[in-house]
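The values are calculated or read from the model by the stated rules, or taken from the named source; none is laboratory data. Bear in mind that the values here come from a model prediction, so they are computed numbers and not experimental data. Cβ coordinates were reconstructed from backbone atoms using ideal geometry, including for glycine residues, and neighbour counts include every protein chain displayed. Side chains included, ligands, DNA and RNA excluded: accessible areas come from the protein's heavy atoms. Shrake-Rupley method; radii C 1.70, N 1.55, O 1.52, S 1.80 Å.
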Amino acid sequence: MTLPQLLMSSLEKEISNISIQKLQKAYSVLSNNYRLNRKDMDQNFTLEEQRLSYIVARMPSTYETVCKVLTEINSENSEEIESILDIGAGPGTASWACCETFDTIKNITLVEYNADMALLGKKIAQNHPILKNANWIMQDILNSKLELTKADLVIASYSFNEIEDKNKEHILKFLLDKTNKYLVIVDPGTPESFKSIHFARKWFLENNTKIVAPCSHSQKCPAFEQQDWCHFYTRVQRTQLHKILKEGEKGYEDEKFSYIIVSKVATNSYESRIIRHPDIHSGHLKLNLCTSEGFETITYSKKNGAKYKKARKSDWGDRWEINNFEE
Ligand SMILES: C[S@@+](CC[C@H](N)C(=O)[O-])C[C@H]1O[C@@H](n2cnc3c(N)ncnc32)[C@H](O)[C@@H]1O
């Protein structure tokens, strides 16, 4: 998957008057801050070159990550998504991904407290058929006077981990209250960010909220119990500019992410999820799974017929039926 052409051309237009050297320098500070998992990330967007380096270097990865995560809702295949509430929206990345995934969207509200970033997001989306009419709210999500209308899908993409720990429970309560159907939280696939996602999972379960993904069960999280971290990946094709900014030759990069989706509507159950790249050998393969019984490794060989064939096509992050197998 690549960025929609409309988004690509808007990004190219935005950076047409800035030197690559300036963007490279700003990107190197930005990526260093990400590595350090800093909480005061809004400082990253004070200067124009910082905002532009984000949209060029990070927007493609967060866009594709959100698209991948949203396939979990699409695979539920029952509920129409007409309204979106995008929290910590930055340049509107998650909303672009929502529009790409659901063709039923009518209303979008984006909350972003960095006004310059919000204005940039608005500008990038000025020719988008739905996003051009979106409602941008340039306020702190923690502002107690903030009034937001409920939405079918509420999403916090790469922003929940920027909320201070002491405010996380309040935000979860607030976001869940604003959710009609699904609430999605996506963060970087680091041990530190997973702790936030796990905190959210625990809070949702304590508050009787149904988890759709990535968990197939509501037992204790085996990854957390084993001091591991639950994360997934998506392959992002690098644009020429992306390569220059990242000073890398490879045509792609693997973006690691952690996430959680909860639901207020009926959802399908499934038995497990693949939590590593399938371990492929000649004539057989092993799937590492997260199940309600904990982590499990299952080997499939050619003699398992259709199930082996299906396992060959599976990938890290997919749902997997151990017993309820249908060809
Ligand atoms: C890493 S960026 C992610 C942007 C976008 N969601 C994406 O996926 O590309 C996090 C954004 O959240 C915003 N943010 C962080 N805390 C916020 C808060 N308390 N209220 C509103 N926006 C916030 C930051 O300004 C920043 O633009």
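Summary table
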| item | result |
| --- | --- |
| Test set (1) within 26 Å of R201 (Cα to Cα); (2) near the ligand (Cβ under 9 Å from one of its atoms); (3) surrounded by 21 or more Cβ atoms within 10 Å (Cβ to Cβ) - A118 fails condition number | (1) |
| Elements of type strands (runs of 3 or more DSSP E) in region 275-327, at least 2 residues being out of contact with any helix residue (DSSP H, G or I) (no Cβ under 8 Å at 6 or more places or on another chain) and polar (S, T, N, Q) | 284-291, 294-301 |
| P222 in contact (Cβ under 8 Å) with a residue 12 or more places away in the chain and either among the small types (G, A, S) or surrounded by 17 or more Cβ atoms within 10 Å (Cβ to Cβ) (or both) | yes |
| Residue in region 185-194 that is open to solvent by 10 Å² or more (accessible area, probe 1.4 Å), away from the ligand (no atom under 13 Å from the Cβ) and farther than 17 Å from C230 by Cβ present | no |
| Of the criteria (1) of a type in the set (D, E); (2) more than 22 Å from K264 (Cβ to Cβ); (3) more than 11 Å from the ligand (Cβ to nearest atom), which one E147 fails | (2) |
| Tally, over region 280-289, of residues that are open to solvent by 20 Å² or more (accessible area, probe 1.4 Å) and in contact (Cβ under 8 Å) with a residue 12 or more places away in the chain | 5 |
| Members of region 226-247 that are without any contact (Cβ under 8 Å) to a residue 60 or more places away in the chain and out of contact with any helix residue (DSSP H, G or I) (no Cβ under 9 Å at 6 or more places or on another chain) | Q240, K243 |
| Elements of type strands (runs of 3 or more DSSP E) contained in region 144-222, each with 1 or more residues being modelled with pLDDT of 95 or more, under 17 Å from I275 (Cα atoms) and not assigned by TED's automatic domain parsing to the domain that holds L289 | 179-188, 210-213 |
| Hey, I130 assigned by TED's automatic domain parsing to the domain that holds S196, within 13 Å of the ligand (Cβ to nearest atom) and at pLDDT 95 or above or not | no |
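This table checks each residue for (1) at pLDDT 90 or above; (2) out of contact with any Asp or Glu (no Cβ under 8 Å at 6 or more places or on another chain).
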site: L11; (1), (2): yes, yes
site: E14; (1), (2): yes, yes
site: N32; (1), (2): no, yes
site: N37; (1), (2): no, no
site: F45; (1), (2): no, no
site: S53; (1), (2): yes, yes
site: M59; (1), (2): yes, yes
site: E64; (1), (2): yes, no
site: C67; (1), (2): yes, no
